[in-house]
Amino acid sequence: MSSSQTNDPASATQLSCVQCRGKKLKCDRVRPRCARCARLEEECLYPKSRRRQVRKRIQVRELEARLGQLEDSVKSAKAGLQPPSPSDDNFVPRDLDYAASSISGAESLLLGTGVAQPASVQPEVFASDELIRLGLFEHFPPLQVMEDLIAIYFDKLHHLAPMLHRSRYTSSVLLPSPMRPPMCLQYIVMALAATTTEKFRHLATPFYQRSRAYAESDEMMDQGERFTTVAHAQCWTLISYFETRLTFFSRASSSLCRSIRIAQMLNLHQIDKGCEALLSALPQPKDWSQLEERRRTWWVIFCSDRFVYGTTGWPTLINVRDIHTLLPASDEAFASGVEEVTISLMAAIQQENKGYSSFAGRVLAAHMFHRAIEHTSQSFPDDNPQDIKNGPYWRRQRGIDNDLATMLMFLPNNLRLPRSLRCHNAVFVNVNIHTAIICIHRAAVSKIRQLALPEYIRLQSQDRLLLAAEEILNIFRKVNDLDAALKNPLMAFSVYVAALVFLEDFVRDHNHQSEDNLNFLYNILIAVGRTSAITRSLAIKLAMDMRQSGFDVSALEKVKGLYSATESIPLLMKRDSATSNVMFCVQASYVPLQTIPILSTSEQFVSDGDLTAALP
């Protein structure tokens with residue numbers, strides 16, 4: 001037998017007892033009881049064989065994170081267990097009681113406080129059922145998966161809500177727990193990224209559920225200071241984006257309301273008011289890029305509030321007169337941290353400075369879109385729509401139409417097409433302006449028909465409708481990545497609105513160019529609808545419209561592959577009978593796939609009717 005054999009019984013006689021070995025004391029190895037154990041009257045046990053001590057490999061990052069946690073605990077203890085002052089926008093205060101009760105599972109992997117399996121031996125991707133079974137406080141996915149999802153988010157989705165600073169956020173997720181972004185923000189970033197790739201798509205819903213659970217848990221902690229941070233305002237905004245993608249419009253609106261109120265409590269809408277501003281709950285920004293991140297967070301929330309009104313009709317929660325925050329700077333300045341001078345929203349509206357960033361152009365487009373929809377959906381006793389020349393209604397109509405045309409004409413170079421076709425904001429701004437033009441002129445045509453006003457006014461509005469729809473069509477013909485563009489619910493909404501213009505033009509005048517244009521938009525909705533719930537529903541709704549109008553009785557055959565035979569289909573669009581504009585429903589109507597042909601022939605197509613009225 002080899003002398004290196006660890007299980008040799010003879011070698012056990014040379015071993016110290018368990019008690020002495022555990023306390024690293026000298027043992028005389030007298031059996032059955034050593035002198036020390038006999039003196040202290042302790043139980044004396046001898047091991048039967050030598051055991052190799054199995055140690056887990058401790059990663060350097062885990063050691064650093066554990067050291068940071070211990071340092072923070074000592075600081076909190078010295079301060080009388082008072083939560084430390086926040087040092088940046090993403091800081092979430094943690095006291096010792098909370099750390100003891102809640103830092104487990106999810107945080108233990110990075111903090112090193114638990115017995116979680118090291119990242120190096122974890123599976124690459126968790127199964128979705130494993131994620132769902134986990135509780136609120138569980139370990140993160142492997143570090144490589146986190147890094148991949150964060151990179152996907154900034155590469156593919158950041159342009160939808162350009163408020164997170166990429167380098168600062170990416171580095172912060174590797175810091176000790178109190179210095180990392182809140183768990184809710186980390187999870188919703190990964191959830192949104194997971195929706196864009198087949199490899200991680202099964203993680204999207206579990207990560208979203210975790211994000212909401214952490215965000216709601218933070219609301220119940222302490223006196224409320226835990227969730228009144230810029231990071232939580234960002235989190236609830238991104239949660240609302242995710243819920244919109246799932247067609248949960250009511251839930252998305254509720255989440256957005258939370259982000260709006262948090263931002264207002266932090267005075268993000270009055271960052272640049274100066275000495276007159278109310279005391280802010282935030283510390284002074286460390287540098288200009290952190291100040292710019294606060295501004296961008298506010299403007300992302302502002303745009304969301306405006307677009308919710310424009311696509312659902314729900315009232316806005318932000319009064320533009322209360323805003324004293326400068327428009328966002330360019331993406332390049334934000335990323336590099338080089339300060340850039342910007343202007344206020346009111347100055348940009350009044351054309352005092354024709355140069356502004358692409359994100360600022362998005363803010364202006366959201367403001368103008370809101371003005372257009374507000375004009376079409378509200379009526380006042382003194383509107384006098386019968387008076388085409390001097391009536392307040394038609395004066396507002398012409399004023400908004402002129403402002404939209406002026407904005408389109410004087411767009412800065414970074415928003416002009418086709419020069420800036422690769423810029424997401426440039427495409428969005430141009431499409432959104434043309435969509436606003438369609439909305440106000442659809443309402444005008446409806447008003448003219450209701451009041452039997454002169455025919456030439458109707459023809460003028462119909463010409464403007466057709467031109468705006470053709471501009472939207474031309475933009476989408478040139479866009480390289482249609483899939484990414486139409487994953488944005490507002491872009492899909494614009495395609496559907498433009499398609500209705502072509503459909504109505506063909507039904508009215510049998511214009512074959514409109515027929516070709518409609519088929520192109522219909523086909524791209526079907527193509528993208530295979531991976532997007534909203535686009536899928538819009539494609540089916542357009543197919544129903546085409547069948548009802550008599551344009552194409554076989555239109556529904558093309559969309560049969562978008563749903564299984566047993567699936568119920570959410571129909572998301574409704575029409576306002578007064579303005580003929582279309583909006584997302586408060587709650588989708590779900591109908592079985594096999595009943596769609598019956599529903600689509602139940603009533604004739606009319607341009608200003610509500611096609612969802614016949615649905616159960």
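The values are calculated or read from the model by the stated rules, or taken from the named source; none is laboratory data. Everything quoted here is computed from the prediction, not taken from an experiment. Neighbour counts run over all protein chains shown; Cβ positions are idealised from the backbone, glycine included.
For the stretch 253-281, the set of residues classified as at pLDDT 85 or above, farther than 19 Å from L327 by Cα and out of contact with any Phe, Trp or Tyr (no Cβ under 8 Å at 6 or more places or on another chain) consists of S254, C257, R261, M265, listed by residue number.
Just one of the numbered conditions (1) farther than 15 Å from T435 by Cβ; (2) under 23 Å from the mean Cα position of the chain (by Cα) is not true of N519: (2). Taken over the stretch 331-355, the criterion of being without any contact (Cβ under 8 Å) to a residue 60 or more places away in the chain, surrounded by 14 or more Cβ atoms within 10 Å (Cβ to Cβ) and in contact with a helix residue (DSSP H, G or I) (Cβ under 9 Å, 6 or more places away or on another chain) is satisfied by A333, G337, E340, T342, I343, L345, A348, I349, N353.
How do the helices (runs of 4 or more DSSP H) wholly within the stretch 404-508 filter down when requiring 1 or more residues that are among the hydrophobic types (A, V, I, L, M, F, W, C), crowded, with 24+ Cβ neighbours inside 10 Å and not assigned by TED's automatic domain parsing to the domain that holds A533: which remain? So that I can check it myself, show each step before the final result.
Values: elements: 424-451, 455-478, 482-486.
Of the helices (runs of 4 or more DSSP H) lying wholly inside the stretch 404-508, those with at least 1 residues that are among the hydrophobic types (A, V, I, L, M, F, W, C), crowded, with 24+ Cβ neighbours inside 10 Å and not assigned by TED's automatic domain parsing to the domain that holds A533 span 424-451, 455-478.
Taking H434 as the residue in question, decide whether it is closer than 26 Å to A484 by Cα, modelled with pLDDT under 95 and not aliphatic (A, V, I, L, M). Can you show your working first?
Numbers: closer than 26 Å to A484 by Cα: yes; modelled with pLDDT under 95: no; not aliphatic (A, V, I, L, M): yes.
No.
Within the stretch 459-479, identify whether any single residue is modelled with pLDDT of 90 or more and touching a Ser or Thr at 6+ places or on another chain (Cβ under 7 Å), and answer yes or no. Yes: one or more hits.
Quick one: is E340 part of a loop (DSSP other than H, G, I, E, B) and among the acidic types (D, E)? Reasoning before the result, please.
Numbers: part of a loop (DSSP other than H, G, I, E, B): yes; among the acidic types (D, E): yes.
Yes: the conditions hold for E340.
Residue-by-condition table, conditions (1) free of Cβ contacts under 8 Å to residues at least 24 places away in the same chain; (2) outside the structural domain of P162 (by TED's automatic domain parsing); (3) not in a loop (DSSP other than H, G, I, E, B):
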residue	(1), (2), (3)
L291	yes, yes, yes
R294	no, yes, yes
T297	no, yes, yes
P315	yes, yes, no
G361	no, yes, yes
I373	no, yes, yes
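Do we find that L266 is within 20 Å of P328 (Cα to Cα), surrounded by fewer than 24 Cβ atoms within 10 Å (Cβ to Cβ), outside the structural domain of T205 (by TED's automatic domain parsing) and in contact with a Lys or Arg (Cβ under 9 Å, 6 or more places away or on another chain) in this structure? When the stated conditions are applied, L266 passes them. When the residues of the stretch 168-203 are filtered to those that are assigned to a helix (DSSP H, G or I) and polar (S, T, N, Q), the one that is modelled with the lowest pLDDT is S177. Quick check on my filter: what residues within the stretch 343-359 are at negative phi and not in a helix (DSSP H, G or I)? The answer is I343, S344, Q350, E352, N353, K354, G355, Y356, S357.
Taken residue by residue, the stretch 36-47 has no member that is modelled with pLDDT under 90, surrounded by 13 or more Cβ atoms within 10 Å (Cβ to Cβ) and within 30 Å of R180 (Cα to Cα).
Residues are listed down the side, and each one gets a yes or a no for (1) more than 19 Å from the chain's Cα centre (by Cα); (2) surrounded by fewer than 24 Cβ atoms within 10 Å (Cβ to Cβ); (3) at negative phi:
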position: M190; (1), (2), (3): no, no, yes
position: M221; (1), (2), (3): yes, yes, yes
position: G224; (1), (2), (3): yes, yes, no
position: T229; (1), (2), (3): no, no, yes
position: C235; (1), (2), (3): no, no, yes
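Taking the stretch 509-542 as the range and being under 12 Å from L486 (Cβ atoms), of a type in the set (K, R) and either part of a helix (DSSP H, G or I) or at pLDDT 90 or above (or both) as the test, only R536 passes.
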